[in-house]
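The values are calculated or read from the model by the stated rules, or taken from the named source; none is laboratory data. Because the structure is a prediction, the values reported are computed rather than measured. Here the Cβ positions follow ideal geometry from the backbone for every residue, glycine too, while neighbour counts run over all protein chains shown. SASA here: full protein model, heavy atoms, side chains in, ligands and nucleic acids out. Shrake-Rupley method; radii C 1.70, N 1.55, O 1.52, S 1.80 Å.
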Amino acid sequence: MIRPKTEAEIALMREPCAIVRDCLAFVGERVKAGMTTKEVDELVYSFITASGAEPSCLGYYGYPASACVSVNEVVVHGIPDDRVLEEGDIVSVDLCAYKNGFHGDGARTFRIGKVSEEKDKLVRVAEECFFRAIDGLKAGTPLYDIGYRVQKHAESNGFSVIRSYTGHGIGREMHEDPAVPNVGRAGTGPRLEANTVLCIEPMIAAGGWRVGIAADGWTAYTLDGKSAAHYENTVLIREDGVEILTL
Ligand code: MF3
Ligand code: CO
């Protein structure tokens, strides 16, 4: 069931979402070649806890870290470890904060030093897919218009859209209804109601969209080994447009 939030609930969600926003900026200013993905996770853990919030991911179905740190061909849910970031890598950092009884969720893909033209464009197009998706979005928009717009922009740029992961509702739980696919047919799906809060998170790949899961049970990687990028915000749907809570 898709349940829109009350104004009181929305007020409580602003803080965890602002912490996610600030944490992503904090990480973006510090992530660099030579750092391990575990060191990135330590930045996230210390920022979130110092903000009086909890990292929602830590312990979620046994997930062992505060952030998902996904390098190059890793699409999402990369478990932080001793992998060293190198010049030319792209790294997606996905994190959630829990405070006031609510979660906020966001992700960015960062470039480490100078990256290839293809990776540079992939990161840019992933962000653009998000902004295309929310352009004109408001109460009454059919849900699958989001996926339609993401898919159209990604594919018209020669990239593919990951199918096996979606965006989602968010609130007292990190994942609530509805699932928000990144592919779809325009004009289909339930019409969004005002005060619905969604995580819209395009995941796109430079090659094919097929992914595998590593032996750790989490790490999702592209089967063809080509890079993937991820960009996510928590978004509030209003009568007349959207408010991005994590930006
Ligand atoms: N932030 C991720 C999401 O969008 C959640 C990852 S769950 C984790 O949906 F536990 F693996 F971190
Ligand atoms: Co999410």
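Under the condition of being more than 14 Å from ligand 2 (Cβ to nearest atom) and either of a type in the set (Gly, Ala, Ser) or touching a strand residue (DSSP E or B) at 6+ places or on another chain (Cβ under 6 Å) (or both), the residues counted in the stretch 173-187 number 4. Phe47 meets all of the listed conditions (1) within 19 Å of Glu201 (Cα to Cα); (2) touching a helix residue (DSSP H, G or I) at 6+ places or on another chain (Cβ under 9 Å) but one, namely (1). Residues of the stretch 154-209 that are more than 17 Å from the chain's Cα centre (by Cα), open to solvent by 40 Å² or more (accessible area, probe 1.4 Å) and closer than 29 Å to Pro16 by Cβ: Arg172, Pro190, Arg191, Glu193. Taken over the stretch 79-96, the criterion of being within 16 Å of ligand 2 (Cβ to nearest atom) and open to solvent by less than 10 Å² (accessible area, probe 1.4 Å) is satisfied by Ser92, Val93, Leu95, Cys96.
Residue-wise test of (1) touching a His at 6+ places or on another chain (Cβ under 9 Å); (2) part of a strand (DSSP E or B).
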position	(1), (2)
Tyr61	no, no
Cys68	yes, yes
Val75	yes, yes
Pro80	no, no
Glu87	no, no
Ser92	yes, yes
Gly104	no, yes
Thr109	yes, yes
Val115	no, no
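For every residue, the table says whether it meets (1) free of Cβ contacts under 8 Å to residues at least 24 places away in the same chain; (2) within 16 Å of ligand 2 (Cβ to nearest atom); (3) among the aliphatic types (A, V, I, L, M).
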| site | (1), (2), (3) |
| --- | --- |
| Phe26 | yes, no, no |
| Leu43 | yes, no, yes |
| Ile48 | no, yes, yes |
| Gly52 | no, no, no |
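In the stretch 131-143 there is no residue matching the filter, namely being within 15 Å of ligand 1 (Cβ to nearest atom), open to solvent by 40 Å² or more (accessible area, probe 1.4 Å) and within 18 Å of His230 (Cα to Cα). Take the conditions (1) touching a strand residue (DSSP E or B) at 6+ places or on another chain (Cβ under 8 Å); (2) within 16 Å of ligand 2 (Cβ to nearest atom); Lys99 misses just one of them, which is (2).
Of all the residues in the stretch 44-54, those that are surrounded by fewer than 20 Cβ atoms within 10 Å (Cβ to Cβ) and touching a Lys or Arg at 6+ places or on another chain (Cβ under 9 Å) number 3.
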